[in-house]
């Protein structure tokens, strides 16, 4: 029993390493999208979900180690090169966040030909991996991984990566996703349209370019992080969550708004 408990803790720790944004951040991305999708899109999605899709915001994290979808574990992150361009994961057979989104896109553009369960699965992929694509530590910029142990104001953290996965809770303690979405959703229609333009590779590049700044706050392998890391990251994180929401809204309208 003790051995089983230890193994379970190891599995949970491994699963949490790549859970971008945590529930609050992922739910906020969806909440922003929900503020802008059409009524027709909402109605078509409701044919497959009899509950708010925010409840499935981190479904891909919770089930990533299920035997039948364990192959999705590598799908939460991606590589960018020194010019911030998306560079396919060398573990080609396993894929990455960008290739997973292209797969979901292909399927959802033909969603009426799919079984109900397949539609649900692909929506879960879409709403989660759009969020993952925009998390500051999920592009491995220049193949730089970011799992070094560190401390913040004396608090020992599992890793630098884990800090940014959970940073929405540090930035907006006690707030709910819809409340944060109302704060971050500050763009008019023209600007939302500009932000939402492009494809997954474009968005990966934009994320990599913007999120290089987190390594200006703390250089790679810094053990004692800047005491003001959370506040210095606020603009980057806020913009990434906002932009992810606008882009998700565009995709949902394209797939379900017809």
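Please treat every number below as a calculation from the coordinates, not as lab data. Source: prediction; values computed, not measured. Here the Cβ is made from the backbone with ideal geometry for all residues, glycine too, and neighbour counts use every protein chain on show.
Can you compute the FRET efficiency between residue 178 and residue 71 using 1/(1 + (r/R0)^6), with r the Cβ-Cβ distance and R0 = 25 Å? Round to the nearest 0.05.
Efficiency, from the Cβ-Cβ distance: 0.15.
On a 0 to 90 degree scale, rounded to 10, what angle separates helix 116-134 from the longest Cα axis of the chain?
Result, in degrees: 40.
Could you tell me the relative contact order of the chain? Use alpha-carbon pairs under 8 Å, at least six residues apart, and round to a whole percent. Can you show the working numbers first?
On the way: 365 pairs, mean separation 80.7, N = 258.
It rounds to 31 percent for the chain.
Could you tell me the distance between the Cα centroids of segment 91-144 and segment 203-223, to the nearest Å?
Rounded to whole Å, the Cα centres lie 22 Å apart.
In degrees from 0 to 90, rounded to the nearest 10, what is the angle of the helix 22-34 Cα long axis to the longest principal axis of the chain?
Helix 22-34 and the main axis of the chain meet at about 30 degrees.
Kindly express, to the nearest 10 degrees and within the range 0 to 90, the angle between helix 234-256's C-alpha long axis and the longest C-alpha principal axis of the chain.
20 degrees
What is the spin-label model distance, in nm, from residue 199 to residue 40 if the labels are put 7 Å beyond Cα along the C-beta direction?
With each label placed 7 Å out from Cα toward Cβ, I get 2.5 nm.
Relative contact order, percent, of segment 78-153 when contacts are C-alpha pairs under 8 Å separated by at least 6 residues?
39 percent
Return the Rg/Rh ratio of the chain with Cα-based radii and a Kirkwood Rh.
Value, to two decimals: 0.96.
Ranked highest first by the average count of other Cβ atoms within 10 Å around their residues, in what order do 117-124, 191-198 fall?
Ranked by mean Cβ neighbours within 10 Å, highest first: 117-124, 191-198.
At a 10 angstrom cut-off on C-beta neighbours, averaged per residue, how do the peptides 236-249, 219-232, 153-166, 95-108 rank from highest to lowest?
Answer by packing, highest mean first, reads 236-249, 95-108, 153-166, 219-232.
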